[in-house]
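Each value in this text was obtained by applying a stated rule to the coordinates, not by laboratory testing. From a predicted model like this one, the values you see are computed outputs, not experimental measurements. No Cβ is skipped: glycine too gets one built from the backbone with ideal geometry, and neighbour counts run over all protein chains shown.
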Amino acid sequence: MTLPPLVSVVIPTRDRWGMLRATLATVLAQRDVSLEVLVVDDGSSAAPVRFPDDHRIRLLRQERSQGVAEARNAGLAAARAPFVAFTDDDDLWAPDKLSVQLRAMGRTGAAWSSCSAVVVDDEMHIQRTQPASETGDVGSRVLATNVVPGGGSGVVADTGLVRRLGGFDPSFQMVADWDLWIRLGLAAPLVAVDRPLLAYRVHAGGMSSRHDRTYDELRALEAKYAEERASRGVEMNWPRIELWLADRLQRSGDRTGAARSFLRSHPVIGRFKSITRATEALVWPEAHHFRNVRRGRRVPAAWRDQVETWLVPGQDPAERLDAVVRPSPLPTPGVTLRRPDPSRPAAR
């Protein structure tokens with residue numbers, strides 16, 4: 001007998017079917033949890049070449065691209081399970097990610113959960129770590145800066161709560177996940193699992209390498225919660241945000257932008273280091289590769305041992321997909337999504 005899904009996993013994608021296969025390999029390999037997978041095709045120009053034939057997968061198609069927030073909301077609207085998990089189409093999960101987070105939620109009564117993450121390159125080599133946030137009331141902390149690791153790929157939450165909060169705000173793209181984490185943090189305590197259950201993949205085509213609207217979105221996010229911040233005596237931690245931006249700008253080849261952000265991050269890393277990093281960004285933009293190698297060597301052995309039980313350096317996880325599911329051209333039947341129902345509550 002097929003169990004009803006306990007978790008709905010929402011994966012937005014657009015013209016990245018090869019990367020999606022690797023992500024699916026790790027999602028479908030989840031242990032000790034019944035799940036459904038909602039792959040939301042946000043207006044891809046081509047159909048997937050090879051897609052797994054698995055009863056747990058539903059492919060939802062948007063005929064034209066509406067952005068990652070709307071794609072996630074489409075998956076949220078179609079979710080049938082009491083819990084929902086989100087992952088981007090290029091990130092990778094440990095096989096016990098969902099079960100560990102669900103047990104933590106059950107043990108504490110928390111309505112949402114995050115986990116620690118490792119940042120990996122295209123060859124699956126670990127570059128650095130992203131430790132979990134503190135457990136409990138994180139409202140003030142997440143108003144100041146995004147303390148939830150792993151972008152949009154680490155959170156598991158009560159489906160009803162996420163819907164009541166309005167899902168993802170479609171006016172955001174780069175910070176859409178942070179915006180929802182703020183509303184979750186203000187609404188309910190978080191339980192954070194301090195285990196590296198997520199591999200956040202950094203590559204040239206990722207959203208984190210595109211920055212044309214990032215500052216506009218950050219200013220809009222600042223304005224959106226200005227009253228809440230004022231009531232709590234909290235300000236956005238711009239120096240830490242600038243450090244986050246500097247790394248991404250350097251990776252995307254924006255020398256001037258990276259240098260400017262490094263200089264603005266001096267309250268976090270110190271004035272000498274900020275000047276050094278800014279100079280480095282201008283004259284040696286590839287330096288971040290060597291810095292990541294050094295960071296990778298400093299990853300605690302316990303974390304590396306855990307991750308390398310499921311993530312093999314140099315091996316694409318999609319190579320293991322055939323051992324999990326039987327591939328076929330497309331899941332059937334496909335579903336074409338219409339414009340969102342205007343009666344559905346909008347994001348606050």
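Residues whose amide H falls under 5 Å from that of VAL9, counting only those 5 or more places apart or on a different chain, are GLU36, VAL37, LEU38, ALA85, with hydrogens built in the peptide plane.
Taking 0.36 nm per residue of separation and subtracting the Cα-Cα distance, what length does fully extending THR256 through ASP54 add?
68.0 nm
Relative to the longest principal axis of the Cα atoms of the chain, the long axis of helix 238-251 makes an angle of roughly 70 degrees.
Once the Cα atoms are used to define both axes, helix 255-264 deviates from the longest principal axis of the chain by about 70 degrees.
Computed extension gain for GLU123 through GLU63, at 0.36 nm per residue and net of the alpha carbon distance, reaches 18.3 nm.
Hey, with R₀ at 25 Å, roughly what FRET efficiency would ALA78 and SER140 work out to, going by the Cβ-Cβ distance, to 0.05? With a Förster radius of 25 Å, E is 0.15.
Counting only Cα atoms, the chain measures 63, 47, 42 Å along its principal axes, largest extent leading.
Per-residue Karplus couplings for the stretch 122-137, computed as 6.51 cos²θ - 1.76 cosθ + 1.60 with θ equal to phi - 60°, are listed in order as 5, 8, 6, 8, 6, 9, 6, 10, 10, x, 5, 5, 6, 7, x, 7 Hz, Gly and Pro entered as x.
Each of VAL155, GLN127, ALA144 was placed along the dipole of the stretch 121-169 (beta-carbon charges, centred on the mean Cα), and the one lying farthest toward the positive end is ALA144. One Cα centroid belongs to the stretch 145-191, the other to the stretch 101-142; the line between them spans 13 Å.
What does the convex hull of the Cα atoms of the stretch 189-293 come to per residue, in Å³, rounded to a whole number? Walk me through the numbers on the way to the answer.
On the way: hull volume 15.1 nm³, N = 105.
Normalising the Cα hull of the stretch 189-293 by residue number yields 143 Å³.
Taking the helices alone, the chain has a mean residue ellipticity at 222 nm of -11500 deg cm²/dmol, built from -39,500 (n - 2.57) per DSSP H run of at least 4 residues and averaged over all its residues.
Pairwise inverse Cα distances across the stretch 31-152, averaged and inverted, put the Kirkwood hydrodynamic radius at 16.7 Å.
Taking amide H as placed 1.01 Å from N in the peptide plane, LEU190 has its amide H under 5 Å from the amide H of GLY136, ASP137, VAL138, each at least 5 places away in sequence or on another chain.
Suppose every K and R has +1 on its Cβ and every D and E has -1 on its Cβ; what is the size of the dipole of the stretch 115-180 about the Cα centre, in Debye to the nearest 20? If you can, show how the numbers build up before the last one.
On the way: 4 positive and 9 negative charges, 46 e Å.
Computed charge dipole of the stretch 115-180: roughly 220 debye.
Compute the angle between helix 97-108 and the longest alpha-carbon principal axis of the chain, please, reported from 0 to 90 degrees and rounded to the nearest 10. It works out to around 80 degrees. Report note on the peptides 122-132, 79-89: ranked by the mean count of other C-beta atoms within 10 Å, highest first, their order is 79-89, 122-132. Highest average first, the peptides 70-78, 234-242, 12-20 ordered by how many other beta carbon atoms sit within 10 Å of their residues are 70-78, 12-20, 234-242.
Using the Cβ-Cβ distance between VAL312 and SER45 with R0 = 30 Å, the FRET efficiency computed as 1/(1 + (r/R0)^6) comes to roughly 0.40. For VAL120, the amide hydrogen comes within under 5 Å of the amide hydrogens of GLN127, TYR200, ARG201, VAL202, counting only partners 5 or more places away or on other chains and with H modelled in the peptide plane. Global size of the stretch 2-81: 12.2, 36 Å for Rg and Dmax (C-alpha atoms, Rg to one decimal, Dmax whole). Taking the stretch 69-83 and a reference point 7 angstrom along Cα→Cβ of SER34, the backbone N atoms nearer than 18 Å belong to 79-83. Per-residue extension of 0.36 nm, minus the Cα-Cα distance of ASP194 and VAL268, leaves a gain of 24.3 nm for this segment.
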